[in-house]
Amino acid sequence: MGSGLMPAMAVALLLLLSPPEPRVISSAQSVGGQYDAIFSFGDSFTDTGNNPVVFEWYNIPDPVMRPPYGITFFDDLPTGRNCDGRLVIDFIARNLGLPLVPPYLSHNGSFRQGANFAVGGATALDSSFFHAGDPPGASPFPLNTSLSVQLSWFDSLKPSLCSTTQGECKDFFGRSLFFVGEFGINDYHFSFGKRSMQEIRSFVPYIIRTISMAKLIGDGATTLVVPGMIPSGCSPPVLVTFADADAAEYDATTGCLKEPNEIVTLHNSLLLDAVEELREKHPDVAIVHTDLFRHVSEMVQNPDKFGFRKDALSVCCGGPGRYHYNTEIICGDEGATTCADPSKSLFWDGVHLTEAAYHYIANDWLRAITFSRLIRNELAASSRTRKMIMLWLPAVVSLLLSSSLEAAAGGASSLSVRRYDAIFSFGDSYADTGNNPVVFGWYSVFDPVTRPPYGSTFFGHPTGRNCDGRLVVDFVAERLGVPLLPPFLAHNGSFRRGANFAVGAATALDSSFFHAGDPPGASPFPVNTSLGDQLGWFESLKPSLCSTTQECKDFFGRSLLFVGEFGFNDYEFFFRKKSMQEIRSFVPDIIKTISIAIERLIKHGAKSLVVPGMTPSGCTPLILAMFADQAGPDDYDPATGCLKAQNELAILHNSLLQQSLRNLRARHPDASIVYADFFSSIMEMVRSPGKFGQ
């Protein structure tokens with residue numbers, strides 16, 4: 001691989017793997033002057049003034065057209081925004097050197113520099129979906145302002161902007177920035193309390209399909225921002241709707257409701273998958289996925305970091321009651337009160353955020369937008385980079401990890417690889433380099449990986465790896481100039497350059513958890529090789545590597561540690577024993593176990609840790625075969641053939657794991673904790689195997 005290709009490969013890789021957090025770029029890389037116009041579709045998170053017009057159509061008073069809406073920025077004048085001041089799109093427009101985006105339904109001037117079609121309360125799905133079976137006199141909400149309606153308004157405006165017959169529109173919209181969303185929150189909120197959570201989950205894919213239609217790209221759009229959803233389980237209206245929820249239904253660290261947030265997690269994950277598919281189909285288009293969930297979750301968890309008051313879940317403007325939110329007395333009503341300083345609050349009047357919160361989010365989105373343009377320019381300059389990455393994926397994995405660690409440590413943008421004295425690994429069969437046969441011997445169980453054709457691709461003989469050749473940890477070791485990791489239980493030499501404690505079929509939770517109530521003669525699996533056991537082996541090895549506390553901190557500070565993958569076996573061992581709902585209930589316990597282990601390693605001196613998420617277990621032949629006689633056609637994803645419920649479980653696991661890692665980073669700012677995304681990488685291979693030479 002030529003060294004001249006390395007920067008382009010790294011940029012392309014970031015686009016392909018879609019990192020969970022937008023990368024920070026130099027402020028010298030100005031975004032101003034790149035766009036002639038902004039066009040926006042969405043709901044109240046983006047609506048700059050269409051709301052009052054639509055409400056008037058239905059003869060409904062619009063509460064946002066009275067004080068205190070607009071008090072922070074617009075001279076105490078309501079503008080139709082569901083906010084005390086500006087929205088994300090306002091900050092972005094100003095930073096791009098463009099005027100505030102005018103609302104399509106209430107603006108009488110020119111739209112040459114953009115138009116806003118977003119309407120408060122808008123849904124992705126057509127409003128008829130929600131009104132099917134409505135009795136006479138039912139609520140008119142949601143109103144007829146769905147995404148398809150907004151797109152029709154856009155189509156009606158097009159002839160005044162460009163000639164549709166001479167390619168002029170493609171040129172004009174190619175120089176424009178498009179926002180598609182946020183969409184989804186109203187689809188779900190209008191259903192909460194009316195449908196079961198299971199029913200609501202079932203139409204998440206339809207919402208994603210509606211959002212991901214490529215119509216705007218066909219019109220000429222080349223830069224689109226597609227926001228995910230906020231954690232609706234943290235929003236005061238949802239918290240009040242489910243006020244009678246049991247204590248176990250709340251996240252103890254945030255006070256948010258777990259199940260609504262799980263639906264949002266599913267929505268955001270499927271949306272990201274859809275964005276990745278669109279990127280593949282349209283490689284010349286920059287599609288930016290922005291993460292509202294992460295931003296708002298971080299503000300809820302660490303409000304003081306943003307200058308917000310500690311009761312982050314309380315609204316600034318509202319009526320008496322818990323969270324200062326009252327469905328009978330809303331912001332602006334007689335009897336409602338407004339906080340003294342809205343900039344100290346996260347939530348403004350309910351689900352909507354304050355200008356202060358939007359300002360922080362806008363800064364991050366601007367970096368993501370600029371970074372996406374940089375990626376697109378790099379790919380245009382080197383069209384073969386993408387194909388080369390696909391063919392050389394194993395080597396690229398090691399490049400990704402080394403570069404990510406440099407970035408997480410605040411290093412420069414150079415691709416120089418940090419040098420580590422040793423690598424220590426914990427996990428299951430995805431990382432086990434030879435402990436498996438020893439453990440199976442303890443239990444007098446034959447280990448199939450000790451016979452051909454295991455090892456046939458690289459080693460020429462079985463090594464105890466559950467693979468035809470090398471694993472990810474092997475490629476990473478080679479890339480870092482470290483010997484292949486010796487298995488702790490099977491190696492008689494030195495461990496000064498590292499040790500592998502991973503064992504095939506290992507669980508995060510202790511094996512006793514799975515064997516409670518087992519009858520005599522029950523299967524010994526999972527055996528006693530859990531994460532806790534592996535940490536015990538690590539601590540027994542420590543005295544041979546370092547003698548004093550400081551010496552150990554220095555040694556492990558120069559080491560790279562892998563913690564996982566963990567979770568796959570915990571769930572797999574229960575798939576035939578417990579319902580999916582029961583299995584979902586102990587995901588937080590698994591995440592907590594992994595997080596405690598990471599903190600334990602940091603106390604030993606670890607400074608660089610890689611924590612992989614779960615693979616899409618619903619795509620694995622093992623799980624597909626397990627459910628072959630139970631699953632019906634609706635249980636499979638028609639696009640991939642994978643089992644939906646099992647993959648949704650993995651999505652939940654990965655989301656909670658990433659949230660936990662964010663908390664750990666906040667508590668340990670001197671440690672680099674890198675999340676490695678197995679799920680997205682494997683889903684890409686499942687969907688497009690031809691790109692990988694299969």
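The values are calculated or read from the model by the stated rules, or taken from the named source; none is laboratory data. Remember, it's a predicted structure, so these values are computed and weren't measured experimentally. Note: ideal-geometry Cβ built from the backbone for every residue, glycine included; neighbour counts use all protein chains shown.
Restricting the first member to segment 593-605 and to residues that are assigned by TED's automatic domain parsing to the domain that holds Phe424 and closer than 15 Å to Asn663 by Cα, and the second to residues that are of a type in the set (S, T, N, Q) and not in a loop (DSSP other than H, G, I, E, B), the beta-carbon pairs closer than 7 Å and six or more apart or on different chains are Ser595/Ser660. All of Leu77, Leu98, Leu125, Leu87 fail the test of being touching a Lys or Arg at 6+ places or on another chain (Cβ under 8 Å) and not aromatic (Phe, Trp, Tyr), apart from Leu87.
When you look at Asn261, is it in contact (Cβ under 8 Å) with a residue 12 or more places away in the chain, within 21 Å of the chain's Cα centre (by Cα), assigned to a helix (DSSP H, G or I) and closer than 17 Å to Met299 by Cα, yes or no?
Numbers: in contact (Cβ under 8 Å) with a residue 12 or more places away in the chain: yes; within 21 Å of the chain's Cα centre (by Cα): yes; assigned to a helix (DSSP H, G or I): yes; closer than 17 Å to Met299 by Cα: yes.
The answer is yes for Asn261.
Mind checking which residues of segment 74-100 are within 20 Å of Asn186 (Cβ to Cβ) and assigned to a loop (DSSP other than H, G, I, E, B)?
Filtering segment 74-100 for residues within 20 Å of Asn186 (Cβ to Cβ) gives 80-83, 87-89.
The answer is Gly80, Arg81, Asn82, Cys83, Leu87.
Of the numbered criteria (1) within 29 Å of the chain's Cα centre (by Cα); (2) under 23 Å from Phe172 (Cα atoms), the one Arg112 fails is (1). Report yes if some residue within segment 320-335 is more than 17 Å from the chain's Cα centre (by Cα), crowded, with 20+ Cβ neighbours inside 10 Å, closer than 30 Å to Lys215 by Cα and touching a residue at least 60 places away in the same chain (Cβ under 8 Å); otherwise report no. No, segment 320-335 has no match at all.
Scanning segment 198-211 for residues that are surrounded by 15 or more Cβ atoms within 10 Å (Cβ to Cβ) and either more than 13 Å from Leu147 (Cβ to Cβ) or acidic (Asp, Glu) (or both) yields Ile200, Arg201, Phe203, Val204, Pro205.
From Ala362, Ala368, Ala357, Ala431, which residue is in the same structural domain as Leu601 (by TED's automatic domain parsing) and at pLDDT 50 or above?
On the way: Ala362 fails: in the same structural domain as Leu601 (by TED's automatic domain parsing); Ala368 fails: in the same structural domain as Leu601 (by TED's automatic domain parsing); Ala357 fails: in the same structural domain as Leu601 (by TED's automatic domain parsing).
Result of the check over Ala362, Ala368, Ala357, Ala431: Ala431.
Scanning segment 506-534 for residues being under 20 Å from Leu609 (Cβ atoms) and either without any contact (Cβ under 8 Å) to a residue 60 or more places away in the chain or charged (D, E, K, R) (or both) gives a total of 2.
In segment 620-655, what residues are within 22 Å of Ser579 (Cβ to Cβ) and either among the β-branched types (Val, Ile, Thr) or in the same structural domain as Pro260 (by TED's automatic domain parsing) (or both)? Please lay out each step first, then the result.
Kept after step one, since they are within 22 Å of Ser579 (Cβ to Cβ), are these residues of segment 620-655: 620, 622-637, 642-655.
Residues satisfying the conditions are Thr620, Ile623, Ile651.
Number of residues in segment 132-154 that are surrounded by 12 or more Cβ atoms within 10 Å (Cβ to Cβ) and either part of a loop (DSSP other than H, G, I, E, B) or of a type outside the set (S, T, N, Q) (or both) equals 12. Total residues in segment 119-145 satisfying the condition of being in contact (Cβ under 8 Å) with a residue 40 or more places away in the chain and of a type in the set (S, T, N, Q): the figure is 2. Residues of segment 481-505 that are in contact with a strand residue (DSSP E or B) (Cβ under 7 Å, 6 or more places away or on another chain), crowded, with 20+ Cβ neighbours inside 10 Å and in contact (Cβ under 8 Å) with a residue 60 or more places away in the chain: Leu485, Gly498, Ala499, Asn500, Phe501, Ala502. Condition check: outside any loop (DSSP other than H, G, I, E, B), at pLDDT below 95 and loosely packed, with under 15 Cβ neighbours inside 10 Å. Does Gly411 satisfy that? No, not satisfied.
Tell me the residue from Arg294, Arg279 that is part of a helix (DSSP H, G or I), in the same structural domain as Asp244 (by TED's automatic domain parsing) and under 30 Å from Arg584 (Cβ atoms), please. Talk me through it step by step, then tell me what you get.
Working: Arg279 fails: under 30 Å from Arg584 (Cβ atoms).
Result of the check over Arg294, Arg279: Arg294.
For Ser3, all conditions in the list (1) polar (S, T, N, Q); (2) farther than 15 Å from Phe179 by Cα; (3) modelled with pLDDT of 95 or more hold save one; what is the number of the exception? Going through (1) polar (S, T, N, Q); (2) farther than 15 Å from Phe179 by Cα; (3) modelled with pLDDT of 95 or more one by one, Ser3 breaks only (3).
If you go through segment 151-194 and pick out every residue that is closer than 30 Å to Pro638 by Cα and out of contact with any Ser or Thr (no Cβ under 9 Å at 6 or more places or on another chain), you end up with 4.
Just to be sure, is Val527 within 34 Å of the chain's Cα centre (by Cα), in the same structural domain as Thr593 (by TED's automatic domain parsing), farther than 30 Å from Glu582 by Cα and β-branched (Val, Ile, Thr)? Answer is no for this residue.
Quick check: anything in segment 662-671 in contact with a Phe, Trp or Tyr (Cβ under 6 Å, 6 or more places away or on another chain), in the same structural domain as Leu560 (by TED's automatic domain parsing) and free of Cβ contacts under 8 Å to residues at least 24 places away in the same chain? No, because not a single residue in segment 662-671 is in contact with a Phe, Trp or Tyr (Cβ under 6 Å, 6 or more places away or on another chain), in the same structural domain as Leu560 (by TED's automatic domain parsing) and free of Cβ contacts under 8 Å to residues at least 24 places away in the same chain.
Taking the options Phe183, Phe192, Phe74, Phe129, name whichever one is surrounded by 14 or more Cβ atoms within 10 Å (Cβ to Cβ), of a type outside the set (A, V, I, L, M) and either at pLDDT 95 or above or touching a His at 6+ places or on another chain (Cβ under 6 Å) (or both). Walk me through it before giving the result.
On the way: Phe192 fails: either at pLDDT 95 or above or touching a His at 6+ places or on another chain (Cβ under 6 Å) (or both); Phe74 fails: either at pLDDT 95 or above or touching a His at 6+ places or on another chain (Cβ under 6 Å) (or both); Phe129 fails: either at pLDDT 95 or above or touching a His at 6+ places or on another chain (Cβ under 6 Å) (or both).
Every option except Phe183 fails the conditions.
The residues listed here are Phe562, Phe556; of these, the one that is at pLDDT 95 or above, touching a helix residue (DSSP H, G or I) at 6+ places or on another chain (Cβ under 7 Å) and either of a type in the set (Val, Ile, Thr) or buried (at least 18 other Cβ atoms within 10 Å of the Cβ) (or both) is Phe562. In summary, Gly557 fulfils each of the numbered conditions (1) closer than 19 Å to Arg600 by Cβ; (2) touching a strand residue (DSSP E or B) at 6+ places or on another chain (Cβ under 7 Å) with the single exception of condition (2). Within segment 212-251, being out of contact with any Asp or Glu (no Cβ under 9 Å at 6 or more places or on another chain), among the aliphatic types (A, V, I, L, M) and surrounded by fewer than 21 Cβ atoms within 10 Å (Cβ to Cβ) holds for Met213, Ala214, Leu216, Ile217, Val240, Ala243, Ala247, Ala248.
Which residues, counting only those in segment 422-474, are more than 22 Å from Ser523 (Cβ to Cβ) and charged (D, E, K, R)? Result: Arg465, Asp468, Arg470, Asp474.
Restricting to segment 247-258, name every residue that is assigned to a loop (DSSP other than H, G, I, E, B) and touching a strand residue (DSSP E or B) at 6+ places or on another chain (Cβ under 9 Å). Across segment 247-258, the qualifying residues are Asp251, Cys256. Across segment 238-268, the qualifying residues are those that are at pLDDT 90 or above and polar (S, T, N, Q), and the one among them that is nearest to Ala124 (Cα to Cα) is Asn268.
It is to be established whether one or more residues within segment 104-111 are surrounded by 22 or more Cβ atoms within 10 Å (Cβ to Cβ) and under 14 Å from Tyr358 (Cβ atoms).
Filtering segment 104-111 for residues surrounded by 22 or more Cβ atoms within 10 Å (Cβ to Cβ) gives 104.
Of the ones still in play, those that are also under 14 Å from Tyr358 (Cβ atoms) are none.
Checked segment 104-111: no residue is surrounded by 22 or more Cβ atoms within 10 Å (Cβ to Cβ) and under 14 Å from Tyr358 (Cβ atoms).
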